[in-house]
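Heads up: the structure comes next, in structure tokens.
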Amino acid sequence: MFDHLEITAYGEKHPFSDLCQVIVKGSSLLLVRVFDEAARDDVIKALQRVQDFDLNVTVEGKDLKVKLGTSKREHMEAALKLVKQAHEEFKRAVKEVRHAMQDTAKKLDKIVAKDEVSLLQKDMEKLVTGREAEAKRVIEAKEKEIKGN
């Protein structure tokens with residue numbers, strides 16, 4: 001997991017495995033045994049630069065306890081899922097509003113001239129269509145923001 005890490009210690013770069021050993025303590029807990037305490041702070045700095053996972057590094061005696069959080073990818077997928085759910089809820093709400101508008105227009109058709117009702121329906125449809133387009137733009141922008149594009 002940390003094989004790609006290079007640690008700057010003693011004035012030069014070293015592979016992670018040259019300075020420490022990783023012991024798996026559980027599905028989300030690792031123990032990093034640093035061979036030389038003088039390099040411990042350098043190892044901590046290197047672990048804090050890992051961006052694939054949300055790592056929580058604490059000192060436990062001579063060793064480092066590393067709690068693994070969820071991956072950044074999992075966070076991104078969860079956020080995208082929430083955005084898509086919000087978009088679906090919005091579309092459902094718009095459908096309900098459109099249905100209510102049509103019901104109201106049918107009731108008005110009995111009271112007001114058909115031309116006026118038709119104009120009102122067109123105006124309301126333009127309003128709803130505009131809001132749908134605006135929501136789509138917002139959703140697409142949020143997806144791009146989350147994906148980092």
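Going through region 92-131 one residue at a time, which ones are basic (Lys, Arg) and either surrounded by 13 or more Cβ atoms within 10 Å (Cβ to Cβ) or in contact (Cβ under 8 Å) with a residue 40 or more places away in the chain (or both)?
Those that are basic (Lys, Arg) and either surrounded by 13 or more Cβ atoms within 10 Å (Cβ to Cβ) or in contact (Cβ under 8 Å) with a residue 40 or more places away in the chain (or both): 98, 131.
Condition check ((1) touching a Cys at 6+ places or on another chain (Cβ under 7 Å); (2) exposed (fewer than 13 other Cβ atoms within 10 Å of the Cβ); (3) charged (D, E, K, R); (4) in the same structural domain as residue 64 (by TED's automatic domain parsing)) across all residues:
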{"site": "10", "(1), (2), (3), (4)": "no, yes, no, yes"}
{"site": "21", "(1), (2), (3), (4)": "no, yes, no, yes"}
{"site": "34", "(1), (2), (3), (4)": "yes, no, no, yes"}
{"site": "41", "(1), (2), (3), (4)": "no, yes, yes, yes"}
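Go over the candidates 95, 67, 84 one by one and state the one that is closer than 30 Å to residue 24 by Cα and of a type outside the set (A, V, I, L, M, F, W, C). First the steps, then the outcome.
Details: 95 fails: closer than 30 Å to residue 24 by Cα; 84 fails: closer than 30 Å to residue 24 by Cα.
Matching residue, one of 95, 67, 84: 67.
Let's see how each residue does on (1) outside the structural domain of residue 33 (by TED's automatic domain parsing); (2) of a type outside the set (A, V, I, L, M, F, W, C):
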| residue | (1), (2) |
| --- | --- |
| 59 | no, no |
| 81 | yes, yes |
| 98 | yes, yes |
| 101 | yes, no |
| 105 | yes, no |
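Any residue at all in region 69-82 that is part of a strand (DSSP E or B) and either β-branched (Val, Ile, Thr) or in contact with a Gly (Cβ under 9 Å, 6 or more places away or on another chain) (or both)?
Of all residues in region 69-82, those part of a strand (DSSP E or B) come to 69-71.
Narrowing the set further to residues that are either β-branched (Val, Ile, Thr) or in contact with a Gly (Cβ under 9 Å, 6 or more places away or on another chain) (or both) leaves 70.
Yes, region 69-82 contains a residue that is part of a strand (DSSP E or B) and either β-branched (Val, Ile, Thr) or in contact with a Gly (Cβ under 9 Å, 6 or more places away or on another chain) (or both).
This table checks each residue for (1) under 25 Å from the mean Cα position of the chain (by Cα); (2) free of Cβ contacts under 8 Å to residues at least 12 places away in the same chain; (3) part of a strand (DSSP E or B).
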{"position": "18", "(1), (2), (3)": "no, yes, no"}
{"position": "22", "(1), (2), (3)": "no, no, yes"}
{"position": "31", "(1), (2), (3)": "no, no, yes"}
{"position": "38", "(1), (2), (3)": "no, no, no"}
{"position": "42", "(1), (2), (3)": "no, no, no"}
{"position": "46", "(1), (2), (3)": "yes, no, no"}
{"position": "55", "(1), (2), (3)": "yes, no, yes"}
{"position": "67", "(1), (2), (3)": "yes, no, yes"}
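If I filter region 133-143 for residues that are loosely packed, with under 13 Cβ neighbours inside 10 Å, more than 19 Å from the chain's Cα centre (by Cα) and not assigned by TED's automatic domain parsing to the domain that holds residue 21, do I get at least one hit?
Quick first cut of region 133-143, residues loosely packed, with under 13 Cβ neighbours inside 10 Å only: 133-134, 137, 140-141.
After this cut, where a residue has to be more than 19 Å from the chain's Cα centre (by Cα) as well, the list is 133-134.
Checking the rest, the ones that are also not assigned by TED's automatic domain parsing to the domain that holds residue 21 come to 133-134.
Within region 133-143, one or more residues are loosely packed, with under 13 Cβ neighbours inside 10 Å, more than 19 Å from the chain's Cα centre (by Cα) and not assigned by TED's automatic domain parsing to the domain that holds residue 21.
The values are calculated or read from the model by the stated rules, or taken from the named source; none is laboratory data. All of these numbers come straight from a predicted model, not from anything done at the bench. Neighbour counts run over all protein chains shown; Cβ positions are idealised from the backbone, glycine included.
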